[in-house]
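Colleague: Mind looking over this structure? Questions follow.
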Amino acid sequence: MSKICVSITHAKDDVDKATVGFVIANASIASDQETVVFLSSEGARLAEEGYADDLHEEGFAPLKELITNYAEAGGTIWVCSPCYKKRGLDEGKLINGATIVGGAKLVEYMSQGASCVSY
(Lines give C-alpha, C1' and ligand atoms only; values in the text may rest on other atoms or scores of the structure.)
Protein backbone atom coordinates (compact mmCIF):
# COMPACT_ATOMS: atom_id res chain seq x y z
CA MET A 1 0.00 0.00 0.00
CA SER A 2 1.29 3.44 -0.93
CA LYS A 3 0.81 6.67 0.96
CA ILE A 4 -0.88 9.41 -1.05
CA CYS A 5 -1.49 13.03 -0.10
CA VAL A 6 -3.89 15.20 -2.07
CA SER A 7 -3.33 18.85 -1.16
CA ILE A 8 -6.30 21.09 -1.95
CA THR A 9 -5.81 24.85 -1.69
CA HIS A 10 -8.99 25.97 -3.45
CA ALA A 11 -12.72 26.12 -2.75
CA LYS A 12 -15.23 28.57 -4.28
CA ASP A 13 -12.30 30.49 -5.78
CA ASP A 14 -11.65 27.53 -8.13
CA VAL A 15 -14.33 24.84 -7.85
CA ASP A 16 -12.73 22.87 -10.69
CA LYS A 17 -9.48 22.36 -8.76
CA ALA A 18 -11.28 21.57 -5.50
CA THR A 19 -13.46 19.03 -7.29
CA VAL A 20 -10.63 17.34 -9.19
CA GLY A 21 -8.67 17.06 -5.94
CA PHE A 22 -11.49 15.07 -4.36
CA VAL A 23 -11.96 13.00 -7.53
CA ILE A 24 -8.31 11.95 -7.27
CA ALA A 25 -8.64 11.33 -3.52
CA ASN A 26 -11.64 9.08 -4.14
CA ALA A 27 -9.74 7.17 -6.83
CA SER A 28 -6.82 6.72 -4.45
CA ILE A 29 -8.89 5.44 -1.54
CA ALA A 30 -10.84 3.15 -3.93
CA SER A 31 -7.48 1.71 -5.02
CA ASP A 32 -6.73 0.76 -1.40
CA GLN A 33 -4.07 3.43 -0.95
CA GLU A 34 -3.52 5.14 2.40
CA THR A 35 -4.89 8.55 1.48
CA VAL A 36 -4.85 11.94 3.19
CA VAL A 37 -6.53 15.06 1.87
CA PHE A 38 -4.81 18.17 3.23
CA LEU A 39 -7.01 21.27 3.06
CA SER A 40 -5.11 24.55 3.27
CA SER A 41 -5.44 28.17 2.18
CA GLU A 42 -8.95 28.64 0.70
CA GLY A 43 -9.37 24.86 0.64
CA ALA A 44 -9.76 24.91 4.43
CA ARG A 45 -13.25 26.31 3.88
CA LEU A 46 -14.33 22.93 2.46
CA ALA A 47 -14.05 21.48 5.97
CA GLU A 48 -16.87 23.63 7.35
CA GLU A 49 -20.25 21.92 7.37
CA GLY A 50 -22.54 23.32 4.66
CA TYR A 51 -19.85 25.22 2.73
CA ALA A 52 -19.63 22.78 -0.20
CA ASP A 53 -23.37 22.06 -0.38
CA ASP A 54 -23.95 24.11 -3.53
CA LEU A 55 -20.59 23.57 -5.27
CA HIS A 56 -20.87 21.57 -8.47
CA GLU A 57 -18.40 21.66 -11.33
CA GLU A 58 -20.00 20.62 -14.63
CA GLY A 59 -18.97 17.13 -15.70
CA PHE A 60 -18.33 15.89 -12.15
CA ALA A 61 -20.35 14.71 -9.17
CA PRO A 62 -21.28 17.51 -6.74
CA LEU A 63 -18.38 18.40 -4.43
CA LYS A 64 -20.35 17.60 -1.27
CA GLU A 65 -21.00 14.09 -2.63
CA LEU A 66 -17.30 13.60 -3.45
CA ILE A 67 -16.26 14.76 0.03
CA THR A 68 -18.86 12.55 1.74
CA ASN A 69 -17.96 9.49 -0.33
CA TYR A 70 -14.28 9.97 0.42
CA ALA A 71 -14.84 10.25 4.18
CA GLU A 72 -17.26 7.29 4.23
CA ALA A 73 -14.68 5.16 2.39
CA GLY A 74 -12.24 5.75 5.25
CA GLY A 75 -10.28 8.64 3.76
CA THR A 76 -8.51 11.01 6.13
CA ILE A 77 -9.11 14.76 5.93
CA TRP A 78 -6.61 17.06 7.61
CA VAL A 79 -7.30 20.77 7.83
CA CYS A 80 -4.53 23.34 8.25
CA SER A 81 -5.07 24.87 11.66
CA PRO A 82 -3.80 28.41 10.94
CA CYS A 83 -5.66 28.46 7.60
CA TYR A 84 -8.94 27.50 9.28
CA LYS A 85 -8.50 30.02 12.10
CA LYS A 86 -7.39 32.84 9.78
CA ARG A 87 -10.70 32.56 7.94
CA GLY A 88 -12.71 32.70 11.16
CA LEU A 89 -14.21 29.26 10.61
CA ASP A 90 -15.96 27.44 13.45
CA GLU A 91 -14.16 24.30 14.69
CA GLY A 92 -17.51 23.11 16.04
CA LYS A 93 -18.79 22.87 12.45
CA LEU A 94 -16.19 20.52 10.99
CA ILE A 95 -17.46 18.03 8.43
CA ASN A 96 -17.41 14.33 9.34
CA GLY A 97 -13.95 12.86 9.10
CA ALA A 98 -12.07 16.19 9.25
CA THR A 99 -9.38 16.94 11.82
CA ILE A 100 -7.60 20.22 12.46
CA VAL A 101 -3.82 19.68 12.33
CA GLY A 102 -0.63 21.67 12.26
CA GLY A 103 1.89 21.57 9.46
CA ALA A 104 4.11 19.19 11.41
CA LYS A 105 1.51 16.43 10.93
CA LEU A 106 1.72 16.78 7.15
CA VAL A 107 5.53 16.91 7.25
CA GLU A 108 5.59 13.71 9.31
CA TYR A 109 3.30 11.96 6.81
CA MET A 110 5.34 13.15 3.84
CA SER A 111 8.57 12.04 5.51
CA GLN A 112 7.18 8.49 5.59
CA GLY A 113 7.34 8.35 1.81
CA ALA A 114 3.97 9.77 0.81
CA SER A 115 3.56 11.05 -2.72
CA CYS A 116 1.66 14.31 -3.01
CA VAL A 117 -0.38 15.99 -5.70
CA SER A 118 -1.72 19.53 -5.28
CA TYR A 119 -4.83 21.28 -6.55
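The values are calculated or read from the model by the stated rules, or taken from the named source; none is laboratory data. Keep in mind it's a predicted model, so treat the numbers as computed, not measured. A quick note on method: Cβ atoms are made from the backbone with ideal geometry, for glycine too, and the neighbour counts reach across all protein chains shown. Note: areas computed on protein heavy atoms with side chains; ligands, DNA, RNA excluded. Shrake-Rupley method; radii C 1.70, N 1.55, O 1.52, S 1.80 Å.
Colleague: Say we join alpha carbon atoms closer than 10 Å with springs in a Gaussian network model of the chain; which of GLY50, GLY92, GLY75 then has the biggest fluctuation?
Modeller: GLY92
Colleague: Sticking with this one: If you roll a 1.4 angstrom probe over the protein chains with everything in place, what fraction of the accessible area of the chain belongs to carbon and sulfur, to the nearest %? Write down the numbers at each step before the final one.
Modeller: Details: 2850 of 5850 Å².
Looking at the chain in its full context, I get 49 percent from C and S.
Colleague: Keeping every protein chain present and rolling a 1.4 Å probe, give me the accessible area per residue for the chain in Å². Don't skip to the end; give the middle numbers.
Modeller: Working: 5850 Å² over 119 residues.
In whole numbers, the chain has 49 Å² accessible per residue.
Colleague: Using a ≥ b ≥ c from the Cα gyration tensor of the chain (square roots of the eigenvalues), is it rounded, prolate or oblate, where a/c under 1.5 gives rounded and otherwise the larger of a/b and b/c decides, a/b for prolate?
Modeller: Oblate is the answer for the chain, as a/c is 1.5 or above yet b/c matches or exceeds a/b.
Colleague: Also, I was wondering about something else. Sum -39500 (n - 2.57) across every DSSP H segment of at least 4 residues in the chain, then divide by the residue count to get the 222 nm mean residue ellipticity, nearest 500.
Modeller: Working: 4 runs with 41 residues, N = 119.
Result for the chain, helices only: -10000 deg cm²/dmol.
Colleague: Separate question: Mean Kyte-Doolittle of at least 1.0 and a Cα length of 20 Å or more along the axis: which whole DSSP H helices of the chain meet both? Please list the in-between numbers first.
Modeller: Working: long enough: 15-30 (22 Å, 1.18).
Length and hydropathy pass: 15-30.
Colleague: Please report the relative contact order for the chain, taking Cα pairs under 8 Å with a sequence separation of at least 6, and give it as a percent rounded to a whole number. Intermediate results must be reported in sequence, preceding the final value.
Modeller: Working: 216 pairs, mean separation 40.9, N = 119.
It rounds to 34 percent for the chain.
Colleague: Which value in nm describes the separation of the simple spin-label points at PHE60 and MET1, placed 7 Å from the Cα toward the beta carbon?
Modeller: 2.5 nm
Colleague: According to the square roots a ≥ b ≥ c of the eigenvalues of the Cα gyration tensor, what is the shape class of region 19-78, taking rounded for a/c under 1.5, prolate for a/b larger than b/c otherwise, and oblate for the remainder? Spell out each step's value before the answer.
Modeller: Details: a/c = 1.79, a/b = 1.27, b/c = 1.41.
Verdict is oblate for region 19-78.
Colleague: If you average the C-alpha positions of region 30-82 and of region 89-119 separately, how far apart do those two centres end up, in angstrom?
Modeller: 11 Å
Colleague: Once the dipole of the chain is set up with Lys and Arg at +1 and Asp and Glu at -1 on Cβ about the Cα centre, which of CYS83, ALA71, SER7 lies farthest towards its positive end?
Modeller: The residue sitting farthest along the positive end of the dipole is CYS83.
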